[in-house]
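Step one of this worksheet: look at the structure below.
Computed from the coordinates by the stated procedures, all read-outs in this text should not be read as laboratory data. The shown structure was predicted, so the numbers you read here are calculated from the model rather than taken from an experiment. Cβ: placed from backbone, ideal geometry, glycine included. Neighbour counts: every protein chain shown.
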Amino acid sequence: MSKSVHLEEIPYFHDSCELFARIRDLPRAAFLDSCFPHASSGRYDILAAQPWSTDVPRLAAGAGEQASRLFFSELARFQKEHYHGIQPVSSDIPFCGGLLGYLGYDVGKGLHSIHGPGPLNTFPAVQLCAYDWCVVQDHLLQRATLVLQPRVGAAEIRDLKARLHQPADERTTGFELTSRFTSNVSKAQYREAFDRIQHYIQAGDCYQVNLTRCFAAGYTGDPWPAYRALRELAAAPFSAYLSLEQDATLMCLSPERFMSLHGHRVETSPIKGTRPRDSDPQLDELARQHLRASQKDRAENLMIVDLLRNDLGRSCMPGSIHVDRLFEVQSFPTVHHLVSTISGELNADRNAWDLLRDSFPGGSITGAPKRRAMEIIAELEPHERDVYCGSVVYVSADGRMDSNIAIRSLLCAEGEVRCWGGGGIVADSDWEQEYQESYDKVGKFLTALEQSLHI
């Protein structure tokens, strides 16, 4: 039996932050943010809170391949059991309730049986919640819609509508760092890891390895004003602000889509190739041209395109996979990126969770071949990636799905804010340039937050 989802139009906000502020004090508030108007390409923002269930299947720390694969089957079972019969309400409503949260990088380690030398990660590998209402802001149509699953009660609807029509109390405890950011990897340690990767490449073990480092600082206060400041500085179309367990917060300013599913159409848009923006228009255009013409960056990008074509081949119909755009230069507030887009048609016997399982984690943040690159990462990186290089994801009750690569991410937990940066190492990489690039990708974030430094 089909179940109807109720749609109710509410006042539209040019800036969705003003609307999210009205619900963000509710449990497990989530904001999937296209960063409109700062990112002109953005269309949809999704705002949700008060999940009807946080008892969604979870993955234990250190889970192996069998348990990790079973986890995705359990998510599909949960989705089918609780949202069976929900029909697509509109092509302009990407999310009508369903599962939303993140899959951390550790999920991929489990799927590929990767075990690092260090202790098991204590931060949850997965945090997903089941939401039965949300607000969708459509910036193309300039329309805001309150989306309600059948189970939402009349009293909850009245309270929710009152909140959405009432300006929020924007007073916060502020956000301040209590120390400067420090890297967990010294320059000498980075070069040692880089040289080790070059050894593996020359030996034929791999073609590319994504090497990252982590920057950490102490903080106090409310991360929300920090997110709003970073959003203005580095707006990106796959951003997110998630309230997590144990008062943790994820701030993600990602420019990269991982996998999307609309009907049977699958799309992925890997990024490989980066240049920092310049305030001088002529130098900035020169950086764009150098990136477009760079044979090294094109080679890196093509490796990942081939890897993702192979990943899609596990879930898509034979002959349906196409490279729609190759080596497109896209410009963001702080960097230029080289982006390609691959699409395919999902097999009729597959669903969104199968697609995620068989493609996770994204090849652009591992290297190629994926499993060997991940083994080398586990050997050489002294830190856990936590949410970083995982994915912020939603799977709507009607089966529609979208997800990002959780790069440009800051995790606030237990009085510490952690931020990661990295890049792909190939045979002709220069270690000093790669070391600098790992900072350039997030350096403006770190500098902006250090302006609030209080010691």
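Treating only the Cβ atoms of Lys and Arg (+1) and Asp and Glu (-1) as charged, compute the dipole magnitude of the chain about its Cα centre; round to the nearest 20 debye. It would help to have the intermediate numbers written out before the result.
Details: 46 positive and 59 negative charges, 113 e Å.
In total the dipole reaches around 540 debye.
Could you work out the relative contact order of segment 42-132, using alpha carbon pairs under 8 angstrom and six or more residues apart, expressed as a whole percent? Write out the running numbers ahead of the final one.
Numbers: 100 pairs, mean separation 43.4, N = 91.
Computed value for segment 42-132: 48 percent relative contact order.
Of LYS272/LYS444; LYS272/LYS296; LYS3/LYS80; LYS296/LYS441; LYS109/LYS296; LYS272/LYS441, which sit over 22 Å apart, Cα to Cα? Intermediate values should be presented prior to the final figure.
Working: LYS272/LYS444 20 Å; LYS272/LYS296 10 Å; LYS3/LYS80 13 Å; LYS296/LYS441 18 Å; LYS109/LYS296 28 Å; LYS272/LYS441 12 Å.
Going by Cα-Cα distance, LYS109/LYS296 fall outside the 22 Å limit.
Please work out the Cα convex hull volume for segment 289-353 and give it in Å³ per residue.
Dividing the Cα hull volume of segment 289-353 by its residue count gives 103 Å³.
Under the Karplus relation 6.51 cos²θ - 1.76 cosθ + 1.60, θ = phi - 60°, what is the ordered set of whole-Hz ³J(HN,Hα) values for segment 7-23, x standing for Gly and Pro?
10, 9, 6, 10, x, 7, 10, 4, 10, 5, 4, 5, 6, 4, 4, 7, 10
Tell me, what HN-Hα J-couplings in whole Hz come from the Karplus equation 6.51 cos²θ - 1.76 cosθ + 1.60 at θ = phi - 60° for each residue of segment 283-300, using x for Gly and Pro?
Along segment 283-300, the couplings run 5, 5, 5, 4, 4, 4, 5, 5, 5, 4, 8, 5, 5, 4, 5, 5, 5, 4 Hz.
If you add up the charges near PRO37, with Lys and Arg at +1 and Asp and Glu at -1, over every other residue whose beta carbon is less than 13 angstrom from its beta carbon, what do you get? Write out the running numbers ahead of the final one.
Details: positive: ARG43, ARG231; negative: ASP15, GLU18, ASP33, ASP45, GLU232.
The answer is -3.
Can you order the peptides 11-19, 245-253, 77-85 by their average number of other Cβ atoms within 10 Å per residue, highest first?
Details: 11-19: 17.2, 245-253: 19.0, 77-85: 15.2.
Ranking, from highest mean packing down: 245-253, 11-19, 77-85.
Below 8 Å between Cα atoms, with a sequence gap of 6+, how large is the relative contact order for segment 84-131 in percent?
Once divided by the residue count of segment 84-131, the mean separation gives 52 percent.
Apply the a/c threshold of 1.5 to the C-alpha gyration tensor of segment 76-217 and tell me whether it is rounded, prolate or oblate.
Details: a/c = 2.71, a/b = 1.79, b/c = 1.52.
Prolate, since a/c reaches 1.5 and a/b exceeds b/c.
Please compute the contact order of the chain in relative form: average sequence separation of alpha-carbon pairs under 8 Å and at least six residues apart, divided by the residue count, as a percent.
Numbers: 1005 pairs, mean separation 104.0, N = 455.
Relative contact order for the chain comes out at 23 percent.
Find out how many positive minus negative residues lie around GLU375, taking Lys and Arg as positive, Asp and Glu as negative, among other residues whose Cβ is under 15 Å from that of GLU375. Please report the intermediate quantities before stating the final value.
Working: positive: LYS109, ARG196, LYS370, ARG371, ARG372, ARG385; negative: GLU65, ASP106, ASP205, GLU379, GLU381.
Here the count lands on +1.
Stick to Cα atoms and the Kirkwood definition of Rh, then tell me Rg/Rh for segment 134-261.
Working: Rg = 21.7 Å, Rh = 19.6 Å.
Checking Rg against Rh, the ratio lands at 1.11.
Given the options VAL442, SER403, LEU380, identify the residue whose Cα lies farthest towards the positive end of the charge dipole of the chain (+1 on Cβ of Lys, Arg; -1 on Cβ of Asp, Glu).
SER403
Starting at 0 and stepping by 10 Å, how many percent of the alpha carbon pairs of the chain end up in each bin?
Pair shares across the bins are 4, 21, 33, 27, 12, 2, 0.
By how many degrees, between 0 and 90 and to the nearest 10, does the Cα long axis of helix 65-83 differ from the longest principal axis of the chain?
Taking Cα atoms only, the helix is inclined about 20 degrees.
Please list log₁₀ I(q)/I(0) at q = 0.14, 0.20 Å⁻¹ for segment 332-442, using the Debye equation with identical point scatterers on the alpha-carbon positions.
-0.74, -1.34
Going by amide H atoms built from the backbone, whose H comes under 5 Å of the H on SER254, apart from near neighbours?
Correct list: PHE238, SER239, ALA240.
Show me, for segment 194-203, the HN-Hα J-couplings you get by feeding each phi into the Karplus relation (A = 6.51, B = -1.76, C = 1.60, θ = phi - 60°), rounded to Hz, glycine and proline as x.
Computed from phi, the couplings for segment 194-203 are 4, 4, 5, 4, 4, 4, 5, 5, 5, 7 Hz.
Between LYS3 and residues 5 or more places away or on another chain, which pairs have amide H atoms under 5 Å apart, with H built 1.01 Å from N, and which residues are they?
Counting only residues 5 or more places away or on other chains, the set is ILE86, GLN87.
How large is the helix-only mean residue ellipticity at 222 nm for the chain, computed as the sum of -39500 (n - 2.57) over DSSP H runs with n ≥ 4, divided by its residue count, in deg cm²/dmol to the nearest 500? Intermediate results must be reported in sequence, preceding the final value.
Working: 12 runs with 136 residues, N = 455.
Here the helix-only value at 222 nm equals -9000 deg cm²/dmol.
What is the Cα centroid distance between segment 74-116 and segment 397-411, reported in whole angstrom?
10
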